[in-house]
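Below: one structure, written as structure tokens.
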Amino acid sequence: MSRFDDLLAANKKYAEAFHSGGFDGIAHAGVAVLTCMDSRIEPLGMLGLGLGDAKILRTPGGRITTDSMVGLILAVYLLNVDRIMIVPHTRCAMASGDDQAVADAVMARSGVDIHGMVLGSTPDQAAGLRYDVARLRNHPLVKDLDVEIGGFLYDVDTGLLEQHH
Ligand SMILES: [Zn+2]
């Protein structure tokens, strides 16, 4: 018995109906989406996309991190991506306060001190999004390419995306 048993049982059923073997790994819709790890977000479904269409990267708050930046750059150069959506969302814990506040919450809940860890949280979510879009647009490996980069806020209560300019 393990805590993964239910998931592995579900996977067996999934594999029985699986017909996508041998498919390539490029993004057929030319899209990469960087969004939050939040469980209320279905990145493919909310865009009308399915398996094989898009590269999905997820971070706390949907913020650009070192690793997600690497993923986006590889997606552009190797995986057919020419449109990148950065998608934070409403009611995100990472927008409830700054890193200090989130570390305070971890401390209050667990007694563990993560103060000093860079979390990427910001109470000014729009500013964080503007910064991340600009950071990606101006990246030396991206800025001269024909890649459209957009910032969007996803509303977890309506399912709607709104582009931020
Ligand atoms: Zn979130």
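The values are calculated or read from the model by the stated rules, or taken from the named source; none is laboratory data. The model shown is predicted, which means the values in this text are computed figures rather than measured ones. Every residue, glycine among them, receives a Cβ derived from its backbone with ideal geometry; neighbour counts consider all protein chains shown. In case anyone asks, the SASA skips ligands and DNA or RNA and just uses the protein heavy atoms, side chains included. Shrake-Rupley method; radii C 1.70, N 1.55, O 1.52, S 1.80 Å.
When we screen Arg135, Arg130 for residues that are without any contact (Cβ under 8 Å) to a residue 60 or more places away in the chain and basic (Lys, Arg), the only hit is Arg130. For region 54-73, the set of residues classified as open to solvent by 40 Å² or more (accessible area, probe 1.4 Å) and in a loop (DSSP other than H, G, I, E, B) consists of Arg63, Thr65, listed by residue number.
For region 106-127, taking the residues that are under 18 Å from Val87 (Cβ atoms) and hydroxyl-bearing (Ser, Thr, Tyr), the one that is most open to solvent (accessible area, probe 1.4 Å) is identified as Thr122. Check whether at least one residue in region 38-46 is under 24 Å from the mean Cα position of the chain (by Cα) and part of a strand (DSSP E or B), and report yes or no. There is no residue in region 38-46 that is under 24 Å from the mean Cα position of the chain (by Cα) and part of a strand (DSSP E or B). What is the residue count in region 74-84 for residues that are part of a strand (DSSP E or B) and either within 15 Å of the ligand (Cβ to nearest atom) or crowded, with 22+ Cβ neighbours inside 10 Å (or both)? Within region 74-84, residues that are part of a strand (DSSP E or B) and either within 15 Å of the ligand (Cβ to nearest atom) or crowded, with 22+ Cβ neighbours inside 10 Å (or both) number 1. Comparison of Arg3, Arg58 shows that the only residue that is among the basic types (Lys, Arg) and within 24 Å of Ala127 (Cα to Cα) is Arg58. If you check Ala105, Ala95, Ala101 for being within 16 Å of the ligand (Cβ to nearest atom), closer than 17 Å to Asp132 by Cα and among the small types (Gly, Ala, Ser), only one passes: Ala95. Once region 38-63 is narrowed to residues that are under 17 Å from Asp157 (Cα atoms) and acidic (Asp, Glu), the residue that is nearest to the ligand (Cβ to nearest atom) is Asp38. Among the residues making up region 135-163, those that are in a strand (DSSP E or B) and open to solvent by 70 Å² or more (accessible area, probe 1.4 Å) are Glu148, Glu162, Gln163. Within region 19-33, the set of residues being modelled with pLDDT under 95 and either of a type in the set (Val, Ile, Thr) or more than 20 Å from Gly48 (Cβ to Cβ) (or both) comprises His19, Gly21, Gly22, Asp24, Gly25, Ile26. Of everything in region 95-105 that is open to solvent by less than 30 Å² (accessible area, probe 1.4 Å) and in contact (Cβ under 8 Å) with a residue 24 or more places away in the chain, the residue that is farthest from His165 (Cα to Cα) is Gly97.
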